[in-house]
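Below is one structure, written out as structure tokens, with a few remarks after it.
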Amino acid sequence: MPRYLLIFNRERSVRFLSHLEEVRALERTLRRANIPFMYSQGFSPRPIMSFGPPLPVGFSSRAQLMEVKLDKHLTPEEIIFMVNSTLPCGYNLSEVKFLNENYPSLGSFPMEISYLLLVEGNGIKLSINSFLSQPYYQVLRKDNRKRREKLFNIRPFVLHLEIINQAEVSNFLQTMLLRRQKMLLRRQKMLLRRQKINISNDSNELNWLTHNQNTLLFFQSLYTTEGSVKITELEKALNVKIIDGERISLARHR
Amino acid sequence: MEIINIEHFLNRVISPSRYTGGEFNSIKKNWETAPVRMAMIYPDLYEIGMSNSGHLLLYYLINETTPYLIERSYAPYFDMEEILRKEKIPLFSLESRQPLNKFDIIGFSLQYELTFTNVLNILDLGGIPLLQKDRGENDPLIIGGGPVASYAESMAPFFDLFFVGEAEEGLLEILNKVAQHKLKQTSRKDILLELCSIEGVYVPSLYEEKYNQEGVSLGLEPVNGYSGIPRIINRRIIKDLECAYYPLKQMVPFKAPIHDRAVVELFRGCFRGCRFCLAGYLYRPVRFRSLPLLQEQSSRIIENTGFETLGLTSFNSSDYPYLKELILFLKKTYGDKLTLSLPSLSMRTSSVELACISDKRRTNLTFAPEAATERLRKVINKNLPEEEIFNTVKETAKQGMDLLKLYFMIGLPTEREEDVQAIVPLVKELHKTANAHRTSKRPFHFNITVSPFVPKPHTPFEREKQLSIKDCYEKIGYLKSQLHEPLFTLREHDPLMSFLEGVFGRGDRNLHRVIFSAFQKGARFDGWEEHLKINYYQQAFTEEEIDPLCYLEEKEGPLPWEMINCGLSPELLKRERDKAFREEESDASLFTDI
């Protein structure tokens, strides 16, 4: 049965949804869109779908991932069209990829997740350098099942961390985002416009960055089945306060 | 138009999606061009409010079919309130994020007495003077609707008007009148004098308590000096549900409400006439929607929302004559991808079958026998013979369920010691029956909920005495000692809450001082066990020198809600009360409505 990867943007007020709320909202969107889900077998059939790593509440994103199995074949354009006309305001389906059969399923491979973080704090450069120069950075984590705390090294899950110049943000993004993705977005906007459905023009701009004097960080994390780093842990490790953030890409780690 | 910026602190509150709005199918109209702007408020948390279809029905009715604008707001949780107060941000509507005091009308959905302090908190946070007499020409009109509005005397000084009954037609009439007067800049007082001529509208400030020469209250009467103030306020209902508006594009909330589902409404009113039940008397007569209409509405709603569950709602769904046909139609059309929910089923064997075909994964059922003895069930007009109780439980066990929830009341009129004690052998016998017939692998479990009876206005029991807190605890304690784990879980409705419900439900205007004082001390979310602080109320009663216990006594003389006519004559209520004491049942479908 055909399998697809759906990549959503999220911005404005839907940034404040929790992972579970987002999962439910997107599942209902696909039902409304009459996407022919494939259902699991058994006593309580559920649509076969999986989601990418959870995003912190309050973060916007250009890479919210969802994998679905469908009953019949649809073109990516058809899916984009069907879904975008019934998405809650703030979401936008920017890309759909057909996955061939031997492509590993979402979550089975390690991922590189890139974020832009707007942070507040003193001596950020120093704390970044000292964090990166060490092979270990231990944090205390609660082990829910065993009800005790254990030490966990988050350093290996931080792939990249650097301060970037506010003025260069858009250049930076240009190189970060794949050209193909932008093209798709443009094409789909045209499609929607033809159907007289309004979508905002600023969906590809970081408007939350413009009127701020805070530091901007580029942060790339590694997400694996063995572990990952939580944004709040990074916040503590660098002794900063994260004011805003955006997930800008999500790719397979090689 | 300045929009309140909340995004910079939303990260700091629990469940920010309670406050963001933007749900699929929510409607954001143009603020500037709307001739009248109304805020519709459910005075509890978002996830409770979003489960109430009544206020959402009015939201859609007005937004979809008129030029007027309605936006929603709910009670902010403690953390949000703290931030709003600290940063001096007024409470706002979800859609346009406008402060509540910028609206022309604020409508509260009053479903429960223990949301009263939340009402005051919301007005206060919205920058609106709490007392009706303190509000100026630029303040919104404060309207109360919902079942509690038919007897909300203890809140009367805070409201400009109450609307009694089903509000679809009446609200539109109110909005039309307000729109006319907004253009003419009529004074607040004159608008209220105009509005009181709309059927179903009760303007409390136009009535005052009158006394005879001996100083005995004669009840409320219109204030002197005005003409055209009705002496009796007739409750409104929608006569024809078949033609009535019903929202087909229903809200799909992000934050899961307690009932996270789409809803169709099978019918309004109730055949049964259980003598303790307000809803059964307030919304008579029974009015059905036809099967083809419900089939059509259900399909459209499912398509428009993507919900995986559909609630088939009414007071007693099993009284809907085509319920089985409707369930079979929905099952045939949507199969297992749609779960049906039947929230209120009467205790009959046929209900079990319906529950099973509506959701084959179902493992529990809920019924309310209310009283354990045949005699007491006759007193309350439950029309439920013991045999039927046993047969229903037998059928429940046979159908593979392993959990049964049963509701009982204590403190019902004429209740004797043996009536309460009889709950124990009845439940134990039922459990034996269930276990003997069970087909589920797991042992059968009973969840028993015991609630103190609270006499409700507009019912035959409106004058009855309410059980004291101490007696409630005693009776519940006895039941707890007899029915316990592992076979039974016994829970109670908090007697302290029942106490407050009883006091404020049958209270008069004097009590508004107590509610105000409790609110000032910090009372919020009083209907939540973890938040109810009874000492705030104790202090408030003492300071205001009001003895709450007198409100629990049997009532003589005029009643505070007497000018509200709910469609049944006082004689009929009295006749029903007399019959109750004679332990006689009535067929409520034969009641003659005025």
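The residue of the range B:422-466 that is surrounded by the fewest Cβ atoms within 10 Å (Cβ to Cβ), among those that are small (G, A, S) and either under 32 Å from the mean Cα position of the chain (by Cα) or at pLDDT 95 or above (or both), is B:A422.
Check the range A:122-144 and report whether any residue there is small (G, A, S), out of contact with any Asp or Glu (no Cβ under 6 Å at 6 or more places or on another chain), exposed (fewer than 11 other Cβ atoms within 10 Å of the Cβ) and at pLDDT 85 or above.
yes
Scanning the range B:409-429 for residues that are in contact with a Leu (Cβ under 8 Å, 6 or more places away or on another chain) and in a helix (DSSP H, G or I) gives B:D419, B:V420, B:I423, B:V424, B:V427, B:K428.
Go through B:R275, B:R261, B:R236 for me and flag whichever is within 14 Å of chain A (Cβ to nearest Cβ) and either under 28 Å from A:Y39 (Cβ atoms) or crowded, with 16+ Cβ neighbours inside 10 Å (or both).
Values: B:R275 fails: within 14 Å of chain A (Cβ to nearest Cβ); B:R236 fails: within 14 Å of chain A (Cβ to nearest Cβ).
Result of the check over B:R275, B:R261, B:R236: B:R261.
Could you pull out the residue among B:L376, B:L412 that is over 24 Å from the mean Cα position of the chain (by Cα), of a type outside the set (V, I, T), under 14 Å from B:F453 (Cα atoms) and modelled with pLDDT of 95 or more?
Numbers: B:L412 fails: over 24 Å from the mean Cα position of the chain (by Cα).
Being over 24 Å from the mean Cα position of the chain (by Cα), of a type outside the set (V, I, T), under 14 Å from B:F453 (Cα atoms) and modelled with pLDDT of 95 or more holds for just one of B:L376, B:L412, which is B:L376.
Looking only at residues of the range A:35-55 that are in a loop (DSSP other than H, G, I, E, B) and at the interface with chain B (Cβ under 8 Å from one of its Cβ atoms), we find that the one that is nearest to A:Y115 (Cα to Cα) is A:P45.
Whether any residue in the range A:19-26 is of a type in the set (D, E) and assigned to a helix (DSSP H, G or I) is what I want to check. Scanning the range A:19-26, I find at least one residue that is of a type in the set (D, E) and assigned to a helix (DSSP H, G or I), so the answer is yes. More than 8 Å from chain B (Cβ to nearest Cβ), surrounded by fewer than 19 Cβ atoms within 10 Å (Cβ to Cβ) and hydroxyl-bearing (S, T, Y) - does that describe any residue in the range A:104-116? Looking for residues that are more than 8 Å from chain B (Cβ to nearest Cβ), surrounded by fewer than 19 Cβ atoms within 10 Å (Cβ to Cβ) and hydroxyl-bearing (S, T, Y), one finds at least one in the range A:104-116, hence yes. Inside the range B:556-585, residues that are more than 23 Å from B:E199 (Cα to Cα) and out of contact with any helix residue (DSSP H, G or I) (no Cβ under 6 Å at 6 or more places or on another chain) make up a count of 11. All conditions but one from (1) of a type in the set (A, V, I, L, M, F, W, C); (2) crowded, with 17+ Cβ neighbours inside 10 Å; (3) touching a residue at least 24 places away in the same chain (Cβ under 8 Å) apply to A:M49; the one that does not is (3).
Checking the stated criteria, B:K579 turns out not to satisfy the condition of being of a type in the set (D, E, K, R), part of a helix (DSSP H, G or I) and out of contact with any Asp or Glu (no Cβ under 9 Å at 6 or more places or on another chain). With a requirement of 3 or more residues that are closer than 18 Å to B:I41 by Cβ, the strands (runs of 3 or more DSSP E) lying completely within the range B:130-220 that satisfy it span B:141-145, B:161-163.
The one condition from (1) closer than 30 Å to B:D319 by Cα; (2) in contact (Cβ under 8 Å) with a residue 60 or more places away in the chain that B:R582 does not meet is (2).
Of the helices (runs of 4 or more DSSP H) contained entirely in the range B:279-382, those carrying at least 1 residues that are among the charged types (D, E, K, R), surrounded by 17 or more Cβ atoms within 10 Å (Cβ to Cβ) and away from every other protein chain (no Cβ under 14 Å) fall at B:374-379.
Determine if the range A:163-180 includes at least one residue that is surrounded by 14 or more Cβ atoms within 10 Å (Cβ to Cβ), part of a helix (DSSP H, G or I) and modelled with pLDDT of 85 or more. Scanning the range A:163-180 turns up no residue that is surrounded by 14 or more Cβ atoms within 10 Å (Cβ to Cβ), part of a helix (DSSP H, G or I) and modelled with pLDDT of 85 or more.
The values are calculated or read from the model by the stated rules, or taken from the named source; none is laboratory data. Given the structure is predicted, the values throughout are model-derived calculations rather than measurements. All Cβ positions, even for glycine, are placed from backbone atoms using ideal geometry, and neighbour counts span all protein chains on display.
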